[in-house]
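All remarks here apply to the structure that follows.
Derivation of every value follows stated rules applied to the coordinates shown; laboratory data play no part. Please read all numbers here as calculations on a predicted model, not as lab measurements. Glycine also receives a Cβ, built like all others from the backbone with ideal geometry; neighbour counts cover every protein chain displayed.
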Amino acid sequence: MLIRPVRYEDAASLQRHCFGAMTIEQVAAMIESLVDVTDTVSLVADDGSEAVASCTVTRLTHRLCRHRADIGGFVIAPSAQGTGLARRIVNEASRYAREWDCTILEISCRGGTHAEEAYVGLGFTEWARLPGGYREEAGTFDEVRLWKRLDG
């Protein structure tokens, strides 16, 4: 599985595997908005024929926070979950963050979900929890913010 920057031609497979609630046009527009943005890279996991996972890594812009990067939009297709892919993606995201001289990597998720457990298993530590921070059709969830120190 290759972890690489997103390409325009990934829109259809990302829509199919990761962003099913969006149209292909919306996914394509999202890709367009992320390409060539300074201190931002959108990564995909490519299984050789399709993109089956995605995340975006962004360096924080405020002058007091430029040593921090955030992972957002982290989605792995159900068929690729439990394979160690999340660790590989976080490692690649960390590599980009270190290139930007970041020493802290952040991520957020819905509280009480598998994602929260997975991120802790990947070495992230909770630093904030907003009760009821996310509301969606599936219910109301805490927003959990986690961080990880980047070495070297």
In whole Hz, the Karplus estimates of ³J(HN,Hα) for region 134-145 (6.51, -1.76, 1.60; θ = phi - 60°; x where Gly or Pro) are 10, 10, 8, 4, 6, x, 10, 10, 5, 8, 10, 9
Per residue of region 18-27, in order, report the coupling 6.51 cos²θ - 1.76 cosθ + 1.60 (Karplus, θ = phi - 60°) as ³J(HN,Hα) in whole Hz, putting x for Gly and Pro. 10, 10, x, 7, 10, 7, 4, 4, 5, 5
Compute the length gained on full extension between Glu117 and Ser33: take 0.36 nm times their separation in residues and subtract their Cα-Cα distance, giving the result in nm to one decimal. 27.2 nm
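If R0 is 25 Å, what FRET efficiency do you get for Ala21 and His62 from their C-beta distance, rounded to 0.05? Could you put the intermediate results ahead of the total?
Details: r = 31 Å, r/R0 = 1.24.
Calculated transfer efficiency: 0.20.
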Just how far, in whole angstrom, is region 115-148 from region 1-73 if you go by their alpha carbon centroids? 20
Tell me, what is the FRET efficiency for Glu99 and Glu136 to the nearest 0.05, using R0 = 41 angstrom and their Cβ-Cβ distance as r? 0.75
Among His17, His67, His114, which comes first, then next, by fewest other beta-carbon atoms within 10 Å? His114, His67, His17
In whole Hz, what ³J(HN,Hα) sequence does region 70-86 give by Karplus (6.51, -1.76, 1.60; θ = phi - 60°), x for Gly and Pro? 10, 9, x, x, 7, 9, 10, 4, x, 5, 9, 6, x, 10, x, 5, 4
Can you tell me, using C-alpha contacts under 8 Å and at least 6 residues apart, the relative contact order of region 2-107 as a whole percent? 25
Return the label of the correct value of Rg and Dmax of the Cα atoms in Å, as calculated from the structure shown, out of [x] 15.1, 41; [y] 16.5, 55; [z] 15.3, 46. [x]
